[in-house]
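Below: the structure, in structure tokens.
Read the figures in this text as sums done on the coordinates, not as results from a lab. Everything numeric here is computed off the predicted structure, so don't read it as measured data. Here the Cβ positions follow ideal geometry from the backbone for every residue, glycine too, while neighbour counts run over all protein chains shown.
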Amino acid sequence: MKYRIAIFDMDGTILNTLEDLADTMNYCLKSYGMPERSLNEIKSFVGNGIRRLVEQAVPKGTDAESMDEIFTSFNRYYKDHCALKTRPYEGIKEVLEKLKDKGILTAVVSNKADYAVEKLCQEYFDGLFDYSVGDQEGMRRKPYPDSLNSVLEHFGAKPNEAVYIGDSEVDYQTAQNAGVDIIMVSWGFREEDYLISIGAEKIIHEPYEILKEMGID
């Protein structure tokens with residue numbers, strides 16, 4: 001087999017989280033008398049963590065104190081509403097089961113809050129991931145390589161033994177910064193033309209293609 005570790009982004013790669021993220025963001029914006037955002041707008045904002053999502057979603061000129069309050073409000077609300085409309089992409093669970101069956105180690109690396117990563121992994125993929133890393137104190141967010149490096153360290157692996165599967169420019173940059181191979185997916189939160197424009201060379205269109213890229217029949 002080509003790799004012994006498969007590392008997955010979460011939002012837009014294994015889970016379609018868009019509607020729950022948008023509903024939470026719009027709940028917070030409405031609570032503060034701010035205009036709501038469309039699904040497409042939220043889609044373009046996702047990838048750099050909740051703080052950055054809030055910064056992009058609020059009106060320009062919003063003061064730092066209000067952004068702090070909305071950020072806190074988002075986390076409080078999302079913790080209880082992150083799994084209402086969120087669903088795995090079709091075929092992802094079967095791929096993960098096949099990877100586990102073949103002895104491949106699996107992990108999630110996300111800029112999503114760590115509490116949500118843990119909850120969603122348990123809710124939708126119980127027992128299918130060996131390790132997960134979300135946004136947490138003391139670790140720089142993607143595209144810094146810290147989270148990917150933590151996976152490699154946890155498994156005692158070298159960069160060439162792992163592949164990262166993601167859907168955004170942040171994932172592409174993170175893999176480059178960590179020296180890990182990257183597989184980009186076309187079903188996520190970025191259009192394929194955009195992925196090509198940032199230099200992505202390996203783009204897949206169906207989850208089962210992950211197995212082929214890993215050298216698994």
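Helix 92-101 and the longest principal axis of the C-alpha atoms of the chain enclose an angle of approximately 40°. Taking the centroid of alpha carbons for each part, the range 110-154 and the range 9-71 are 20 Å apart. The 3J(HN,Hα) values that the Karplus relation (6.51, -1.76, 1.60; θ = phi - 60°) gives for the range 199-208 are, in residue order, x, 5, 9, 10, 10, 10, 10, 9, x, 4 Hz. Gly and Pro appear as x. Here the range 100-153 is described by how far its Cα atoms reach on the three principal axes: 32, 23, 14 Å, from widest to narrowest. Each residue of the range 15-24 was assigned a 3J(HN,Hα) from its phi angle through the Karplus curve 6.51 cos²θ - 1.76 cosθ + 1.60 (θ = phi - 60°); the sequence is 10, 8, 9, 4, 5, 5, 5, 5, 4, 5 Hz, with glycine and proline shown as x. With neighbour counts taken as other beta-carbon atoms within 10 Å, the residues 155, 8, 129 rank, fewest first, as 155, 129, 8. Per-residue Cβ neighbour counts within 10 Å put 106, 13 in the sequence 106, 13, beginning with the fewest. Across the range 94-132, the residues whose backbone nitrogen lies under 18 Å from the label position 7 Å along the beta-carbon direction of residue 217 are 98-104.
Summarising the amide proton neighbourhood of residue 87: residues at separation of 5 or more, or on other chains, whose placed amide H is nearer than 5 Å comprise 16.
Take every Cα pair under 8 Å in the range 18-81 that's 6+ residues apart, average their separations, divide by the length, and report that relative contact order as a whole percent.
Details: 50 pairs, mean separation 25.1, N = 64.
Across the range 18-81, relative contact order equals 39 percent.
Can you give the local net charge around residue 39? Use residues other than it whose beta-carbon is closer than 14 angstrom to its beta-carbon, Lys and Arg +1, Asp and Glu -1. If you can, show how the numbers build up before the last one.
Values: positive: 37, 43, 85; negative: 11, 19, 20, 23, 36, 41.
Here the count lands on -3.
Taking the fewest neighbouring Cβ atoms within 10 Å as the starting point, the ordered list for 70, 216 is 216, 70.
Relative to the longest principal axis of the Cα atoms of the chain, the long axis of helix 146-155 makes an angle of roughly 40 degrees. Shown here: percent of Cα pairs over 32 Å apart, derived from the displayed model; of the candidates (i) 8; (ii) 15; (iii) 28, it corresponds to (ii).
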